[in-house]
Amino acid sequence: MDGAVHRHVTQGEPMTVVLDAVLSSQAGIILVLDGHSLKIEDVAAAARHRQPIQLHPDAVARIDKCRGLLERKIRAGEIMYGVNTGIGELAEVVLTPEQVGKFQRYLLYSHAAGCGEPCSEEDVRAGMLARLNTHCWGHSGIRREVVEIQIEMLNRGVTPVVCQKGSVGACGDLSPMAQMAITLMGEGEVFYKGSRLPAKQGLAAAGISPITFRERDGLATINGSDLTTGMGCLELYDAQRWLKTQEVALAMTLEALNANMVAYDPRIHTVRGYPGAQACAENVRRLTAGSELLQRPGKKVQDAYSLRSSPQVIGAAKDAFQWSRHMLEIELNHAADNPVFFPDEDLVLTGANFQGTPLAFALELVGMSVTTVAALSERRLNRLMNPHLSMGLPAFLTKGAGMFSGLMLTQYTAGALVCENRVLSHPAATGSIPAAADQEDFVSMSMTTAIKTRQILENAWYVAAIELMAAAQAFDLRAPVKPSPASEAAYQVVRSHVKRLDEDRPLFDDINTLARVAKDGKILEAAERAVGSLN
């Protein structure tokens, strides 16, 4: 990292500018953690694109000051939860000085009790980043050495192997975070340079020495809903890109069906007042500008709701995402721990700042929003397929209907995905099951919410891909009448990966390929090159 540009992101700075810079020259920019300034775009840059990180000097001072308070209280013999007591129902058990040193290790052993397949590396990296930014507030009592080894692991690409299942989202994401924490001692497993290795071996290969936990270190490493936070940040980042890709698909379908664009008049949306609906309508007007397809005669006085009310529905998702971002970025940039140490007041307070309910609510809303907008996409897809609704397009978008079934079955697939998403939209955030002998008698299940929200979003990319495929096929059938420049740009990306369907062929590869292309951002980027960044 010699010669790197140190970048401290200040509050309110446009993160899109920062992220663009990161992606253009990842090795030259360091994300400086100060506890206050992380955005979801920063999480994506560090977790996915391996942007290097370091501590702000003020954060270093706060961490050291807080540790000083903790060590003074230990020397004075004060009783502190999770430092010289057990945890949960065992909080009343006071440990002897001989036990205190070993307790943090045994705490991590007992809590590393998850199961299932490993989380993705980017999810674990995002969770580690979220936890590190909490420590920057200087309220955790953790030693700086423990923070620094995690920074080195992130910067050198050493990622703990962490089972996905096991967190109830209260007292933090304890099982996965503990599995992460034991790797700092050289135990468990890590991913390093594409291999899954024993942690001791992976750390050594990266030139990192394991550490020994001391008082408070272990609990401070795990005592927050940070894996939920990290996953949620990546999910919201993707959901926002998905929603804009949905607007591109919407614009293409509107053109293919010769929609009545009066429903997108800015005056309609201004008088109701929702900013998301206004932004969606503006995006669609820009995306469809210059369309010959929309200049044809034969429009309906009023289109069906799936065409006419898309700004209101997609706009509601935009507004929901803004609130979800607000909640996630509060969590990213504040102290989520228990107990909470206040060095300036010589004070230690116990509470429940590990509770994942704020994150669970935010991510439930993301999942519900994506499910709803994907359902709307499937209804537009149906109108493209149905010759009674498609404004003159042939049945199932094939000229050989009868001999050929065209894209008929793609709508089945979209319907199956929407149904699955509706099941997944059942809230986990209302599903508390008490733990720890009823000491922890209400838990958030925020990690369950994060897991199912990720699956909702994965399904939704396929739904978007299917609508894009159908809209592109409709453009071919409407030729030589031309779509807008933005829709033409998106169409060209579709056609560079998926051939026109002149006679039936298996479509599973086409759907999988186009979903991957959409998820990679290529379709959105092509449309935005034509009209500028969407709102």
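The values are calculated or read from the model by the stated rules, or taken from the named source; none is laboratory data. Values in this document were obtained by computation on a predicted structure and should not be read as measured data. Every residue, glycine among them, receives a Cβ derived from its backbone with ideal geometry; neighbour counts consider all protein chains shown. Remember, those area values only see protein heavy atoms, side chains included, never the ligands or the DNA or RNA. Shrake-Rupley method; radii C 1.70, N 1.55, O 1.52, S 1.80 Å.
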| task | Say whether the condition of being out of contact with any Phe, Trp or Tyr (no Cβ under 8 Å at 6 or more places or on another chain), more than 28 Å from Pro506 (Cβ to Cβ) and open to solvent by less than 20 Å² (accessible area, probe 1.4 Å) is met by at least one residue in the range 413-433. | result | yes
| message | So, in the range 29-81, how many residues would count as being over 18 Å from Val158 (Cβ atoms) and either more than 32 Å from the chain's Cα centre (by Cα) or of a type in the set (D, E, K, R) (or both)? | response | 23
| said: For the structure I just gave you, tell me whether Ala489 is open to solvent by less than 60 Å² (accessible area, probe 1.4 Å), under 20 Å from Asp238 (Cβ atoms) and either touching a helix residue (DSSP H, G or I) at 6+ places or on another chain (Cβ under 7 Å) or of a type outside the set (A, V, I, L, M) (or both). | reply: no
| query | Do we have Met80 as in contact (Cβ under 8 Å) with a residue 60 or more places away in the chain and either open to solvent by less than 20 Å² (accessible area, probe 1.4 Å) or under 15 Å from Leu227 (Cβ atoms) (or both) here? | reply | yes
| task | Within the range 120-170, work out how many residues are open to solvent by less than 30 Å² (accessible area, probe 1.4 Å), more than 16 Å from Gly218 (Cα to Cα), modelled with pLDDT under 95 and touching a helix residue (DSSP H, G or I) at 6+ places or on another chain (Cβ under 6 Å). | result | 2
| message | So Ala336 passes all but one of these: (1) open to solvent by less than 20 Å² (accessible area, probe 1.4 Å); (2) under 30 Å from Gly224 (Cβ atoms); (3) in contact with a Leu (Cβ under 9 Å, 6 or more places away or on another chain). Which condition number does it fail? | response | (3)
| query | Which of the following residues is open to solvent by 20 Å² or more (accessible area, probe 1.4 Å), aromatic (Phe, Trp, Tyr) and modelled with pLDDT under 95: Phe361, Phe341, Phe354? | reply | Phe354
| said: When you check Thr410 against the structure, is it open to solvent by 40 Å² or more (accessible area, probe 1.4 Å) and either within 30 Å of Arg454 (Cα to Cα) or assigned to a strand (DSSP E or B) (or both), yes or no? | reply: no
| query | Mind checking whether some residue in the range 254-268 is in contact (Cβ under 8 Å) with a residue 60 or more places away in the chain and assigned to a loop (DSSP other than H, G, I, E, B)? | reply | yes
| request: Report yes if Phe508 is surrounded by 19 or more Cβ atoms within 10 Å (Cβ to Cβ), in contact with a helix residue (DSSP H, G or I) (Cβ under 9 Å, 6 or more places away or on another chain), of a type in the set (Phe, Trp, Tyr) and closer than 26 Å to Met403 by Cβ, otherwise no. | output: no
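Condition test on Met403, is it open to solvent by 30 Å² or more (accessible area, probe 1.4 Å), among the hydrophobic types (A, V, I, L, M, F, W, C) and at pLDDT 95 or above? Before the answer, list the steps.
Details: open to solvent by 30 Å² or more (accessible area, probe 1.4 Å): yes; among the hydrophobic types (A, V, I, L, M, F, W, C): yes; at pLDDT 95 or above: no.
In short, no.
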| field | Candidate set: the range 492-505, residues that are open to solvent by 70 Å² or more (accessible area, probe 1.4 Å) and touching a Ser or Thr at 6+ places or on another chain (Cβ under 9 Å); chosen: the one farthest from Tyr274 (Cα to Cα) | value | Glu503
| Contacts under 6 angstrom Cβ, first residue in the range 271-292 being without any contact (Cβ under 8 Å) to a residue 40 or more places away in the chain and within 15 Å of Ala530 (Cα to Cα), partner outside any loop (DSSP other than H, G, I, E, B) and open to solvent by less than 50 Å² (accessible area, probe 1.4 Å), 6 or more apart | Val284/Ala251; Val284/Tyr264; Arg285/Tyr264
| Among the residues of the range 159-168, is any part of a strand (DSSP E or B) and in contact with a Lys or Arg (Cβ under 9 Å, 6 or more places away or on another chain)? | yes
| said: What's the total number of residues in the range 440-456 that are closer than 20 Å to Ala416 by Cβ and either among the acidic types (Asp, Glu) or open to solvent by less than 10 Å² (accessible area, probe 1.4 Å) (or both)? | reply: 2
| said: With under 30 Å from Val43 (Cβ atoms) and modelled with pLDDT under 85 as the only criterion, which of Gly88, Gly77 stands out? | reply: Gly88
| query | Within the range 423-440, is there a residue that is assigned to a helix (DSSP H, G or I), over 30 Å from Ala530 (Cβ atoms), modelled with pLDDT of 95 or more and in contact with a Ser or Thr (Cβ under 8 Å, 6 or more places away or on another chain)? | reply | yes
| note | Only one of (1) in contact with a Lys or Arg (Cβ under 7 Å, 6 or more places away or on another chain); (2) not in a loop (DSSP other than H, G, I, E, B) does not apply to Val366, and that is (1)
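Check whether at least one residue in the range 100-120 is basic (Lys, Arg), part of a loop (DSSP other than H, G, I, E, B) and touching a residue at least 24 places away in the same chain (Cβ under 8 Å), and report yes or no.
No.
Do we find a residue being of a type in the set (Val, Ile, Thr), under 28 Å from Leu501 (Cα atoms), touching a helix residue (DSSP H, G or I) at 6+ places or on another chain (Cβ under 6 Å) and touching a residue at least 24 places away in the same chain (Cβ under 8 Å) anywhere in the range 393-412?
Scanning the range 393-412 turns up at least one residue that is of a type in the set (Val, Ile, Thr), under 28 Å from Leu501 (Cα atoms), touching a helix residue (DSSP H, G or I) at 6+ places or on another chain (Cβ under 6 Å) and touching a residue at least 24 places away in the same chain (Cβ under 8 Å).
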| note | Checked Glu282, Glu292, Glu255 against criteria (acidic (Asp, Glu) and touching a Lys or Arg at 6+ places or on another chain (Cβ under 7 Å)); the one match is Glu292
